[in-house]
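A short worksheet on the structure shown next.
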Amino acid sequence: MTAATVGADGRPRCPWGNSAEDYVAYHDDEWGVPLRGEVALYERLTLEAFQSGLSWLTILRKRDGFRRAFADFEPKLVAEFGDQDVARLMADTSIVRNRAKIDATIRNARAIDQLDLPLDELLWSFAPDPATRPRPRTLSDVPAITDESKAMAKELKNRGFAFVGPTTAYALMQATGMVDDHVEGCWRAD
């Protein structure tokens, strides 16, 4: 069932938000909070892609390393990365060293540079109307993909982005507040 659980601080949270100390601050301060801005959304898009197949906790704990490695997620700077940068990144133990994901991060920065509208406008255009989505009662009520995340992934791929399947797109939507999947009873739930 996995409904909200009470943390050591007495605050009820989504169960995953109490499962590790690092998750508490992420759950309470970031996850599901509406986020805008090219750099912030590019960072989250990148981190969600790197998380694919791994624990989010791994990514969260390497976040500072990712920021250093990828020029604080300034798309214009990352778009200029070349072979030497890829070699540097593949040797950087402060990040997840996955060639396909590194290449996708650079490719996505270049795709952002080619957009005909701001990245946040593009991404947020797929956010569903909150009135049409009931609050999940438990984690089992939270989908992994939605029609909106499928549409977002398709549009991003059409615009040259990589490593942005519908599951990654939906995780991005959750992380950036495009959808609110805090379970009933969680203190963050409306």
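Taking the range 140-190 only, how many residues are more than 23 Å from T5 (Cα to Cα) and in a loop (DSSP other than H, G, I, E, B)?
Count: 10.
Consider only pairs whose beta carbons are under 8 Å apart and that are at least six residues apart or on different chains; among these, list those whose first residue lies in the range 144-158 and is under 24 Å from R110 (Cβ atoms) and whose second residue is of a type in the set (A, V, I, L, M) and outside any helix (DSSP H, G or I).
M152/V164; A153/V164; L156/V164; K157/V164
Specify the residue that is farthest from the chain's Cα centre (by Cα); the eligible residues are those in the range 130-149 that are of a type in the set (V, I, T) and surrounded by 15 or more Cβ atoms within 10 Å (Cβ to Cβ).
T138
Do you know which of the residues in the range 42-76 that are within 14 Å of the chain's Cα centre (by Cα) and among the aliphatic types (A, V, I, L, M) is surrounded by the fewest Cβ atoms within 10 Å (Cβ to Cβ)?
Filtering the range 42-76 for residues that are within 14 Å of the chain's Cα centre (by Cα) and among the aliphatic types (A, V, I, L, M), the one surrounded by the fewest Cβ atoms within 10 Å (Cβ to Cβ) comes out as L54.
Tell me which residues, restricted to the range 5-41, are out of contact with any strand residue (DSSP E or B) (no Cβ under 9 Å at 6 or more places or on another chain) and either among the β-branched types (V, I, T) or surrounded by fewer than 14 Cβ atoms within 10 Å (Cβ to Cβ) (or both).
A8, D9, G10, E21, D22, A25, D29, V33, P34, G37, V39
Among the residues that make up the range 120-129, is at least one of them in a helix (DSSP H, G or I), among the aliphatic types (A, V, I, L, M) and within 18 Å of the chain's Cα centre (by Cα)?
Yes: one or more hits.
Every number in this text was worked out from the coordinates using simple rules, so none of it is lab data. Predicted model only: the values in this text are computed from it and were never measured. Every residue, glycine among them, receives a Cβ derived from its backbone with ideal geometry; neighbour counts consider all protein chains shown.
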